[in-house]
Amino acid sequence: MVTRQKSRKRTQSKPRTAQFVQREASVEIERLAHDGRGIGYLEGKIVFVEQALPGERHKINLVGGKSTFFEAVSVALLSPPANSRAAPRCQHYQSCGGCHLQHLDNKSQLAFKEALVFDQCRRNGVVLPAFEAAVTGSPMAYRARCRLSTQHKGPAFAGFRQKNQSQLIKLQECPVLAPNLERLIEPIQTLLAQLPAKALGHIELVDDQSGPILILRHVSEISSDQQDLLSQFASSCGITILMQPESTPNYVDLNGAPAEVELTLALPMLAKPLRYRPHDFTQVNRPVNVQMVAQALVWAEPEAHETWLDLFCGIGNFSMPLATRAAQVIGVEGAMDMVQQAEINASIQGVKNTNFYAADLEQSTVYRRLPKQVDGVLLDPPRAGAKMVIPHLAKLNPKRILYVSCDPATFARDASELCNSGYSVDKIGILDMFPQTMHVETMALFRK
């Protein structure tokens with residue numbers, strides 16, 4: 001009997017990827033990427049260059065890449081600087097991951113963001129009218145809340161993440177913060193040096209109308225001596241300190257007693273400020289938020305006999321102003337606690353023509369609870385957009401849809417679906433909610 005030996009398959013070894021070697025080169029910048037980096041071409045590949053602007057030629061150091069692109073940092077500017085180049089205001093700008101565009105002047109930042117939205121829409125076959133004048137505020141000193149991480153190794157300090165890294169930068173300033181918050185940075189660093197770093201998770205700062213709020217998220221107990229230290233700090237800085245133990249979403253005061261915290265958000269078209277809690281979503285740029293809501297009312301033109309939907313309504317930032325013009329406003333939001341806050345705001349305003357529901361807008365059952373037809377819809381979704389919502393809107397057949405977006409790519413995708421459903425873009429404009437960063441806020445009015 002002859003036994004056959006199983007033939008062994010020869011497995012071809014995968015070709016080894018050539019190890020990237022850092023080296024210098026020179027490149028001319030042709031345009032900006034969506035994240036604000038300059039784009040040039042070298043050896044048939046795209047090159048992304050940090051803080052380089054179109055029209056400039058840079059000596060670069062190639063620091064990474066893949067088969068289709070290189071990543072680089074500028075070593076020297078080999079040409080005159082672009083007319084749009086600006087001197088960064090912050091000493092941490094070169095290394096901090098918070099801002100992306102401080103090297104670009106404010107007018108050019110707006111043009112860059114308009115171009116991003118236009119290009120995304122063009123790729124999706126969406127025809128746009130000319131952009132309306134951008135809604136703008138101060139390019140600096142605008143941010144009314146922020147979260148600082150704390151360093152757990154060595155001397156304690158607070159800061160933001162470095163660009164593309166997990167390490168922290170010890171902040172000494174942050175010019176985009178509201179002055180009431182920026183003035184706290186150095187005192188906070190002094191305070192942290194006297195506290196056990198491992199006890200702290202992160203620090204949240206909120207600039208409320210009543211004064212700055214500092215929220216300490218802590219992962220271990222704070223001693224009575226440390227509580228006294230925090231109390232002295234709060235008194236000397238004129239702020240309120242709240243503690244948030246890791247095991248609970250609730251807040252306590254420095255004595256450990258439960259703290260019911262309601263902050264305020266003023267909108268001039270309302271008789272009283274909106275109320276919210278520290279963990280509720282609110283826009284970080286208060287002045288631009290006021291202008292955004294005012295523009296929404298002008299563009300949407302809600303009339304006294306109309307019914308409007310406010311989808312992803314949050315605490316009622318748009319719902320309450322809409323309710324002053326329309327016959328009925330129905331707000332839908334995924335988070336129950338924010339729906340409850342919207343109801344509280346309606347009660348405070350004395351508004352009787354609003355209804356709020358907590359529901360997942362991606363579920364078709366939600367729409368059975370809504371009117372079969374509405375006059376207008378306001379959409380203010382998160383970055384993921386409203387892809388699953390758009391098909392349901394077509395059935396409600398609103399005459400106007402006002403879309404507020406924080407992501408050009410998902411906006412363009414959703415705009416394409418709306419246009420396929422018989423709508424067209426009547427107005428569009430940029431809201432400069434996040435100056436010095438790559439983040440883009442857009443408002444668009446769709447009509448049928």
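Within the stretch 106-124, residues that are without any contact (Cβ under 8 Å) to a residue 60 or more places away in the chain reach partners that are not hydrophobic (A, V, I, L, M, F, W, C) with beta carbons closer than 6 Å, at six or more positions or on different chains, in the pairs Ser108/Ser84. Counting residues in the stretch 163-176 that are out of contact with any Leu (no Cβ under 7 Å at 6 or more places or on another chain), of a type in the set (Asp, Glu) and farther than 30 Å from Arg413 by Cβ gives one or more. Of all the numbered requirements in (1) under 23 Å from the mean Cα position of the chain (by Cα); (2) modelled with pLDDT of 95 or more; (3) more than 18 Å from Val293 (Cα to Cα); (4) part of a loop (DSSP other than H, G, I, E, B), Thr410 misses one, and that requirement is (4).
Of the residues that make up the stretch 380-388, is at least one in contact with a strand residue (DSSP E or B) (Cβ under 9 Å, 6 or more places away or on another chain) and at positive phi? Within the stretch 380-388, one or more residues are in contact with a strand residue (DSSP E or B) (Cβ under 9 Å, 6 or more places away or on another chain) and at positive phi. Evaluated against (1) under 23 Å from Met433 (Cβ atoms); (2) part of a loop (DSSP other than H, G, I, E, B); (3) touching a residue at least 24 places away in the same chain (Cβ under 8 Å), Ala130 falls short on exactly one condition, (3). Suppose the filter is in a helix (DSSP H, G or I) and more than 30 Å from Gly36 (Cα to Cα); does Arg368 pass it? Yes. Among the conditions (1) assigned to a helix (DSSP H, G or I); (2) modelled with pLDDT under 95; (3) of a type outside the set (S, T, N, Q), Met338 misses just one, which is (2). Summed over the stretch 138-191, residues that are within 23 Å of Val288 (Cα to Cα) and in a helix (DSSP H, G or I) total 4.
Within the stretch 424-439, the set of residues being in contact with a Leu (Cβ under 9 Å, 6 or more places away or on another chain) and either part of a loop (DSSP other than H, G, I, E, B) or of a type in the set (A, V, I, L, M, F, W, C) (or both) comprises Val425, Ile428, Ile430, Asp432, Pro435, Gln436, Thr437, Met438. Of the residues that make up the stretch 391-405, is at least one touching a Pro at 6+ places or on another chain (Cβ under 7 Å) and outside any loop (DSSP other than H, G, I, E, B)? Checked the stretch 391-405: no residue is touching a Pro at 6+ places or on another chain (Cβ under 7 Å) and outside any loop (DSSP other than H, G, I, E, B).
Of the residues contained in the stretch 333-345, none is found to be out of contact with any Gly (no Cβ under 7 Å at 6 or more places or on another chain), surrounded by 21 or more Cβ atoms within 10 Å (Cβ to Cβ) and on the phi > 0 side of the Ramachandran plot.
The values are calculated or read from the model by the stated rules, or taken from the named source; none is laboratory data. This structure is a prediction, so every number in the text was calculated from the model and none was measured. A quick note on method: Cβ atoms are made from the backbone with ideal geometry, for glycine too, and the neighbour counts reach across all protein chains shown.
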